[in-house]
């Protein structure tokens, strides 16, 4: 009979199977449910497992998640704007429920998008419709492929199982810090797209939504333009899922049509880079180069006791690369990614300071967006001033703390290069004080975090959206417009690949329930 075994401790030089022989002597096979690394005690690094064992004749294979379908669906297809994780998984879930849908994306499909981005990184030629922010797979296509999430959702197993079905490593279903890697996720997403098409979904790439059509306080369709030939197309529907991501320019159009939105607290900062070897040594100590361990990661946070402002690491990319990720001409944005093997000699992470919307901007709806845009344009001007075009502005951490421009930037992981710039001048004194205080705290937690080679890149400004398109708690529709379903990061309801995918599924389920 199957047996569930939790919190099994396995030493770095031990094997899980040896432990199972003691805990379940008659087992024939097993399935790992969870695996994590505990490196807190010096000299005692261990793996922690939760495992389900199976006796002879029992199958260790997971049952596939299957869904009931509608008997019939005669309405106009559900329209989904945006082919990031929220939009793609909303489409997949709807189709598996027997609901027709059309997915509309202003960017390119994966293969062409990769070429457009490579052109930007090499030559500085930006495709404003297809870049690191826009296109099939969304911003997550050019990231670590991290699937870590702080949310608790019944849809997480569905997301993981489907990703594995389309080619992601099976280990993402049990690792405590699962990741696919940017190289692998670029092969997974096209297979997801093909499944959507196989189930009857339609997908329009290079198609930008210019107008959502409203009838009073209800939606009735959209008008879109092909960005290649400028031809227009109208789609009718009374169900529209808005999954545009937080780099979209659709917010002004929503505002003009009285769609209710509100300011939302967010975070901005810089991306920090260390050698991966240093991070391994700090985290794993004497086991740093052990063959069972990959590139080490970290998670850091500090809250100022006086004002409650938090500074924290975000999107940590072990063995990764720093990316130039602009979506608009005349601006610069930094981001990070890792491939599956995480074999770059560098590690990077966003280091961001929380921005309380009410305290900083009051009721000015677009002030947060304006603040973000000004940071990005100022970062671009720094590079342009130093005869750069595609490079990221960079400064050594010690120079940043001393408000001194770095004389020269050495070797980095930035694919598009780096140019010395006074990043400290981007921010006001309160920001600099909070950031600097937190960095010193992080150095105490990870001794060596501050060193002569620690490098900062500007500017990390797309951690989350400064706006929320507010929706009803129960129906998940916009509080002002029936049939409009704000989804994912751009709507202010997600913060990463997994949470965005789950949010898209959540909305698909609401639409399904409304049709029963």
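Bear in mind that the values in this text are calculations on the coordinates, not laboratory data. Note that this is a predicted model, so its numbers are computed, not measured. Virtual Cβ from ideal backbone geometry, glycine too; neighbours counted across all protein chains shown.
Quick notes on this one:
- With a simple spin-label model that places each label point 7 Å from the Cα along the Cα-to-Cβ direction, the separation between residue 128 and residue 14 comes to 6.0 nm.
- Each listed q (0.12, 0.16, 0.17 Å⁻¹) maps to a log10 I(q)/I(0) for the range 243-315, found by the Debye formula over equal Cα scatterers with no solvent: -0.63, -0.82, -0.85.
- Stretching the chain fully between residue 41 and residue 187 yields a gain of 48.7 nm (0.36 nm per residue, less the alpha carbon separation).
- Cα centroids of the range 479-516 and the range 290-318: 29 Å apart.
- The gain in end-to-end length when the residue 21 to residue 68 segment is fully stretched comes to 12.9 nm, 0.36 nm per residue minus the alpha carbon separation.
- Computed [θ] at 222 nm, deg cm²/dmol, the chain (DSSP H ≥ 4; -39,500 (n - 2.57); rounded to nearest 500): -8500 deg cm²/dmol
- Volume of the convex hull of the range 3-54 (Cα atoms only), normalised per residue: 64 Å³.
- Evaluated over the range 174-230, the Cα radius of gyration and Dmax, each in Å: 17.3, 48
- Over the range 265-460, all Cα pairs binned in 5 Å intervals from 0 give whole-percent P(r) values of 1, 8, 16, 20, 20, 16, 10, 5, 2, 1, 0, listed from short to long.
- Ordering 295-302, 181-188, 49-56 by mean Cβ neighbour count within 10 Å, with the highest value first, yields 181-188, 295-302, 49-56.
- Percent breakdown of C-alpha pair distances by 5 Å bin, ordered from the shortest bin, for the range 302-382: 3, 13, 15, 17, 19, 17, 10, 4, 1, 0
- For residue 387 and residue 514, the difference between the fully extended length at 0.36 nm per residue and the C-alpha to C-alpha distance is 40.0 nm.
- With one equal scatterer per alpha carbon and no solvent term, the Debye-computed log10 I(q)/I(0) for the range 81-147 at 0.16 1/Å reads -0.56.
- Cα centroid separation, the range 326-393 to the range 48-110 (Å): 33 Å
- Applying 1/(1 + (r/R0)^6) with R0 = 45 Å to the Cβ-Cβ distance of residue 211 and residue 171 gives a FRET efficiency near 0.55.
- Of interest is the spacing of the C-alpha centroids, which for the range 1-19 and the range 182-214 amounts to 41 Å.
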